[in-house]
Amino acid sequence: MRYTLFVVVALAATIFFNNTNLLAPAFPGKPVLLAHRGIAQQFETEGLTNQTCTASRILPPKHHYLENTIASMRASFEAGADVVEFDVHPTTDAQFAVFHDWTLDCRTNGHGVTREQSMAYLKTLDIGYGYTADGGATFPFRGTGIGAMPSLDDVLRTFPKQSFLINVKSDDPAEGEKLAAVLRGLTTERRALLMAYGGDKPIAALHAAVPGVKTASRRSLKACLLRYIAYGWTGATPQACGSMAVFVPINVAPWLWGWPNRFLGRMASVGSVVFVVGPYRGGDFSTGLDTAEDLAGLPTGYAGGLLTNEIEAVAGRLDRANEHARSQMRPDVTRRPSDR
């Protein structure tokens, strides 16, 4: 009986000391902000399906930026983004188009499957053509997006020192190999600033072809997090978590051993970076931390990554929150020493 009790106590102590944040050093820095699609027009999310044309249901515009454009990316970095996410499709002239939709019909004045076109043709289209906030009565961006669809080369040339997350939109392994060829042509320093996520097959092909580039897919994230939940309490970090962009829903994060600082440190030790995303509720759509209520769910002093769809608002909220926290720690110099 004593032996059993000793084992139980020893195991509990091991789990506690391996995972408590009370003894963990603070993860350095401030939150790393990932702008999903850059600064973009927001849209109604209720009832979304894979076939929904989101440009036809945007909210009344608050700015003139269109997602996945050079202007949007530049504004995102200026607003405080550390990383900007964008989507790519291969083209018939051996380039990658930076564009979200599988087909052109929703957002543009073009028609057909995006990847069945040449980059030269895609650059003639008006990517603001289909946006409407009033059911088609008006189209506020029609005519403003002519020639605004960039190529991957355009983005990398325009922003040679910025960090990006590239979304591969298919599950074709050949697409991963094509993207790998582009990345291998970059310097080691430039590759270190790029990450990729998307379908299981192209991401697996990319990960194998360009070791060290941080990647993520549904399969790799599941393998990493399930293994970590199974034995991360020991302090060991699963090999499956290496060189990844680890996306963690905010409602799952508290269940991870050593959350937040020990978990962040363990992922960093295997070359991975963590981004908190919106709560997981079983859907297939990306959700971000976009409101003050969302941000309130982060641990105090959190310095990992977070994904947002509204970088222009979230960066400001975090700055104000950090300034408030610092002000709470400063001595009140308006009070006399005898009053303190």
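Structure above, values below:
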{"quantity": "Tally, over segment 120-146, of residues that are closer than 18 Å to residue 69 by Cα, of a type outside the set (Phe, Trp, Tyr) and either open to solvent by 40 Å² or more (accessible area, probe 1.4 Å) or more than 29 Å from the chain's Cα centre (by Cα) (or both)", "calculated": "8"}
{"quantity": "Residue count, segment 134-158 (criterion: among the hydrophobic types (A, V, I, L, M, F, W, C) and either touching a Lys or Arg at 6+ places or on another chain (Cβ under 8 Å) or not in a loop (DSSP other than H, G, I, E, B) (or both))", "calculated": "5"}
{"quantity": "Odd one out for residue 315, checked against (1) open to solvent by less than 10 Å² (accessible area, probe 1.4 Å); (2) part of a helix (DSSP H, G or I); (3) at pLDDT 95 or above", "calculated": "(3)"}
{"quantity": "Residue check for residue 193: under 17 Å from residue 95 (Cβ atoms) and either touching a residue at least 12 places away in the same chain (Cβ under 8 Å) or not aliphatic (A, V, I, L, M) (or both)", "calculated": "no"}
{"quantity": "Some residue of segment 209-216 being in a loop (DSSP other than H, G, I, E, B) and touching a strand residue (DSSP E or B) at 6+ places or on another chain (Cβ under 7 Å)", "calculated": "yes"}
{"quantity": "Every residue from segment 25-50 that is crowded, with 16+ Cβ neighbours inside 10 Å and modelled with pLDDT under 85", "calculated": "27"}
{"quantity": "Among the candidates 75, 120, residue that is in contact (Cβ under 8 Å) with a residue 60 or more places away in the chain and hydrophobic (A, V, I, L, M, F, W, C)", "calculated": "75"}
{"quantity": "All positions within segment 70-106 that are open to solvent by 10 Å² or more (accessible area, probe 1.4 Å), part of a loop (DSSP other than H, G, I, E, B) and over 23 Å from residue 275 (Cα atoms)", "calculated": "91, 92, 93, 94, 95, 101, 102, 105, 106"}
{"quantity": "Positions within segment 254-286 being closer than 18 Å to residue 35 by Cβ and either free of Cβ contacts under 8 Å to residues at least 40 places away in the same chain or out of contact with any strand residue (DSSP E or B) (no Cβ under 7 Å at 6 or more places or on another chain) (or both), in sequence order", "calculated": "274, 276, 277, 278, 285"}
{"quantity": "Of the criteria (1) aliphatic (A, V, I, L, M); (2) modelled with pLDDT of 95 or more; (3) open to solvent by 30 Å² or more (accessible area, probe 1.4 Å), which one residue 246 fails", "calculated": "(3)"}
{"quantity": "Lone unmet requirement of (1) assigned to a loop (DSSP other than H, G, I, E, B); (2) in contact with an Asp or Glu (Cβ under 6 Å, 6 or more places away or on another chain); (3) within 29 Å of residue 302 (Cα to Cα) for residue 109", "calculated": "(3)"}
{"quantity": "Subset of segment 250-291 (residues that are part of a helix (DSSP H, G or I), of a type outside the set (Lys, Arg) and surrounded by 13 or more Cβ atoms within 10 Å (Cβ to Cβ))", "calculated": "253, 261, 263, 264, 265, 267, 268"}
{"quantity": "Top-ranked residue of segment 188-204 - restricted to ones that are aliphatic (A, V, I, L, M) and either open to solvent by 20 Å² or more (accessible area, probe 1.4 Å) or over 18 Å from the mean Cα position of the chain (by Cα) (or both), ranked as nearest to residue 86 (Cα to Cα)", "calculated": "193"}
{"quantity": "Selection status of residue 214, touching a Ser or Thr at 6+ places or on another chain (Cβ under 6 Å), at pLDDT 95 or above and not hydroxyl-bearing (Ser, Thr, Tyr)", "calculated": "yes"}
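The values are calculated or read from the model by the stated rules, or taken from the named source; none is laboratory data. Computed from a predicted model, the values in this text were never measured in an experiment. Reconstructed Cβ throughout: ideal geometry from the backbone, glycine too, with neighbour counts over all protein chains shown. These accessible areas exclude ligands, DNA and RNA; they are computed on the full protein's heavy atoms, side chains included. Shrake-Rupley method; radii C 1.70, N 1.55, O 1.52, S 1.80 Å.
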